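To start, the structure under review is shown below, and the notes come after it.
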Amino acid sequence: MHVLKFGGTSVGSPERIKGLIDIIDVRQKQIVVLSAVSGTTNKLVAIAQALYEYNHVKAIELIDSLHLFYADFVQKLYTDSIYLVQAEVLINHHFNAIRAFTQDLFTINEERVILAQGELISTALFQLYLQEKGVVSVLLPALDFMRTDAEGEPDIAYTTTHLQPLIDSHPEVSLFITQGYICRNAFGEVDNLKRGGSDYSASLIGAALRASEIQIWTDIDGMHNNDPRIVKNTRPLSQLSFDEAAELAYFGAKILHPQSILPARKYRIPVRLLNTMQPSAKGTLITEQSGTETIKAIAAKDGIVAINILSSRMLLAHGFLRKVFEVFERYATPIDMITTSEVAVSVTIDNTTHLEKIRAELAIFGEVKVDVDCSIICVVGNFAASAHGYASRVFEGLKHIPIRMISYGGSDNNISLLVKTQDKNEALKSLHGRLFD
Ligand code: ADP
Ligand code: ASP
Ligand code: MG
């Protein structure tokens, strides 16, 4: 079984949807996971925002405009009027459901239902298109088998027990379609796997079915060695290990959702990053095997807050770090980077939901300084003790940029540096020049 995920731009126009048939080998047993048509989720977010603000005029304007976009989209997607009429009924049904939310109280639950519409629409339209083309396929509702637990963590075992029987009930079918991104939470409510979550869906489904390969089809020819939106002359990496890919995804390489490599890594399922616009390009293969380059890639993660606790009294006392970490644990706030000195400890977080409470509790231990608008620059490669000389090149590349924290040696494949976000672009460009050009 293969899992193929197509992202927003890969289903971004009627032409692209038509082109998927050339990429999907319809004889292969596979499950195709689709994102919403590009731009749709952003628009659904804007609709929800307007409804939170009680701005119903704006909400209805946004809903009408997106409805019109899809009315035009289906006109171009289907040639047979039987399918066009079915598509119009389907689109009207989804937009009437969205419009109904302008009548009632608007809460996070209504918002999540609105956000789910993008993937529900794209998969239904694709399924209908396959029908028009005479391709046998079955649409499987992700809400029937994707679930997160009480901690908000995806439940792979639940997916296995609920998805496998659905597939087995169609022994004659080789092509299954489903929605990325959406799931139910522990209360059975409609929820999602956070922005960009369709990659995560594909990996979770791959893990649940113990697939032989997961393919992430997007608009670029694989994982590049730096952020192509910021740096010129980046190039795709042909091979990455699970650990390297997981680090790059977690530290900001937008091509992959931050958690999306973890399920594949758990079951050692190869992941290929491929380009829908250039299907013959080799892309990136992610397995247990790393490539040959010593320094693989650079990525950056924004929205980081650094917290520094200065405590001459307590740091040398045993048990101090435990007490500090317990504060973050109580507020379920993960720490990304950590550095210590004799009198101070600095950590970074990206979830600031409980920042004020954390700050207040840490103040018991000493003076607390909070530095917002920071970015972590992460250099991924082979930094084992034997690979000497590389750290100095990293610092050389950043010699004109103030570095606020450094984390080196935590693992053999990562150097992380904290800079102000305003310096991030320059840091990425300069490091690229020093490490790759
Ligand atoms: P999709 O809609 O298919 O999920 P995304 O926009 O989420 O696509 O991810 C693909 C984009 O990620 C690329 O167009 C590229 O601009 C961006 N990107 C950021 N960092 C990297 C990187 N290191 N390698 C490749 N693409 C990257
Ligand atoms: N449609 C969702 C988003 O835009 C999920 C995804 O595309 O992966 O975030
Ligand atoms: Mg994405």
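The values are calculated or read from the model by the stated rules, or taken from the named source; none is laboratory data. Note that the structure is a prediction, hence the values are computed from the model and not measured. Glycine also receives a Cβ, built like all others from the backbone with ideal geometry; neighbour counts cover every protein chain displayed. In case anyone asks, the SASA skips ligands and DNA or RNA and just uses the protein heavy atoms, side chains included. Shrake-Rupley method; radii C 1.70, N 1.55, O 1.52, S 1.80 Å.
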Percent of all Cα-Cα pairs per 5 Å bin for the range 365-437, counting from 0 up to the last occupied bin, reads 3, 15, 27, 23, 16, 9, 5, 2, 0, 0
Checked the range 25-77 with the C-alpha gyration tensor, a ≥ b ≥ c its square-rooted eigenvalues, rounded below a/c of 1.5, otherwise prolate if a/b is larger than b/c and oblate if not; verdict oblate
A student applying the Cα gyration tensor rule (rounded when a/c is under 1.5; otherwise prolate if a/b is larger than b/c, oblate if not) would label the range 1-160 oblate
Length-normalised contact order of the chain, Cα under 8 Å, at least 6 apart, in percent, tallies to 13
Checking the range 180-246 for chymotrypsin sites (Phe, Trp or Tyr not before Pro) in a loop per DSSP with at most 16 other beta-carbon atoms within 10 Å yields PHE187
Between the alpha carbon centres of the range 252-298 and the range 1-54 the gap in Å comes to 20
Any aspartates and glutamates whose Cα falls less than 14 Å from that of LYS29, other than same-chain ones fewer than 8 residues away, would be ASP168, GLU172, GLU213
Once the in-chain neighbours fewer than 8 apart are removed, the aspartates and glutamates whose Cα is under 19 Å from LYS323 read ASP336, GLU342, GLU356, GLU361, GLU367
With all protein chains present, the range 64-145 has a carbon and sulfur share of its accessible area (1.4 Å probe) in percent of 58
The farthest towards the positive end of the charge dipole of the chain, of the residues VAL173, SER10, SER346, given +1 on Cβ of Lys and Arg and -1 on Cβ of Asp and Glu, is SER346
Between VAL57 and ALA100, the FRET efficiency computed from the C-beta separation at R0 = 22 Å comes out, to the nearest 0.05, as 0.85
Sorted by accessible surface (1.4 Å probe, heavy atoms of the protein chains only), largest first, LYS18, LYS296, LYS43 come out as LYS43, LYS18, LYS296
Looks like the chain, by Cα gyration tensor root eigenvalues a ≥ b ≥ c and the a/c under 1.5 rounded cutoff (else prolate when a/b is bigger than b/c, oblate otherwise), is prolate
What helix-only [θ] at 222 nm does the chain give? Using -39500 (n - 2.57) per DSSP H run of at least 4, over all residues, to the nearest 500, the answer is -12000 deg cm²/dmol
Quick calc, the range 215-318, dipole around Cα centre from Cβ unit charges on Lys, Arg (+) and Asp, Glu (-), nearest 20 debye, gives 80
One finds, for THR421 and PHE187 with R0 = 45 angstrom and r their Cβ-Cβ distance, a FRET efficiency to the nearest 0.05 of 0.80
Cα-Cα longer than 31 Å, checked against LYS18/LYS266; LYS133/LYS194; LYS369/LYS429, kept in input order, equals LYS18/LYS266; LYS133/LYS194
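If packing is taken as the average count of other Cβ atoms within 10 Å, what order do 419-425, 89-95 fall into, highest mean first?
Highest-to-lowest ranking by the protection proxy: 419-425, 89-95.
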